[in-house]
Amino acid sequence: MKLVFIGPPGVGKGTYAQAVSQRFQIPHISTGDIFREEVKRGSELGRKVQYYLERGLLVPDEIVVEVVKARLSQDDCRRGFILDGFPRTLAQAEALEGFAPPDLVLNFVADDSVIVERLSGRRVCSKCGAIYHVKYMPPRFPGTCDKCGAPLVVRKDDRPEVIAERLALYREQFSPIISYYERRGKLVTISANAQAPEVIPVVISTIERFLRGRGQL
Ligand SMILES: [Zn+2]
């Protein structure tokens, strides 16, 4: 089962993807992670990606597509995958349709006020990238990563004044992709205003219903 997760920053996509990955035994593929892996491996592709990342530039579509394609051709993707962070442009969505057309695209939505609360309370580990929330997912020791002990920081992006800007940018960037999948009948919109423990069962049952409809469950 090939899934794409779409949603604004702070909607909780990563958390839902993890739960779905466990439940259906398919890998959660975040473009951020595979970029980092590729750079670490020092592959030719990795060096290309590094060139753009180091300069703070957007990695061009054809390189992003190449990285994703390489990742999806690995053994663990045979039964499917969850893509998180890809596609980010219409060109990427069209390319994906060519080599691994998604079965279902989950479009997560939440009110702006909910997103602002989630993002402004977010803390990120300065070393391993683990994510916490001062209210909803506090670390055992305030300001310290449970996993590696490094200090937690507020990402520049999560400052309240930057959040509104990010949301506007998200809408502008993703509305063509959302319409693209809507036209193909692949889009299901899920409200993520509630906390993850309430949203996750909705996500799981949406996927189960889809599989049942196809006689795959
Ligand atoms: Zn850490």
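Bear in mind that the values in this text are calculations on the coordinates, not laboratory data. Quantities reported herein were computed from a predicted structural model and do not represent experimental measurements. Ideal geometry is used to build each Cβ from the backbone, glycine not excepted, and the neighbour counts take in all protein chains shown.
Points to keep in mind about this one:
- Electrostatic dipole magnitude of segment 2-213 [Cβ: Lys, Arg +1; Asp, Glu -1; Cα centre; debye, to 20]: 480 debye
- Sum of -39500 (n - 2.57) over DSSP H runs of 4+, divided by residues of the chain (222 nm, nearest 500): -15500 deg cm²/dmol
- Neighbours of residue 135, meaning other residues whose beta-carbon lies under 14 angstrom from its beta-carbon, give a summed charge of +1 when Lys and Arg score +1 and Asp and Glu score -1.
- Only one residue of 141, 104, 189 has its Cα farthest out toward the positive end of the dipole of segment 2-213, where Lys and Arg carry +1 and Asp and Glu -1 on Cβ, and that residue is 141.
- A straight chain from residue 206 to residue 116 at 0.36 nm per residue would run longer than the Cα-Cα distance by 29.8 nm.
- In the chain, Cα pairs under 8 Å separated by at least six residues give a relative contact order of 27 percent.
- Each peptide in 87-97, 71-81 receives the mean, over its residues, of other Cβ atoms within 10 Å, and ordering these scores from highest gives 87-97, 71-81.
- Distance between segment 89-159 and segment 1-43 - C-alpha centres, whole angstrom: 11 Å
- Using the Cβ of residue 189 as centre and a radius below 15 Å, the other residues enclosed give a net charge of +4, where K and R count +1 and D and E count -1.
- In percent, rounded to a whole number, the relative contact order of segment 1-88 is 50, using alpha-carbon pairs under 8 Å and six or more apart.
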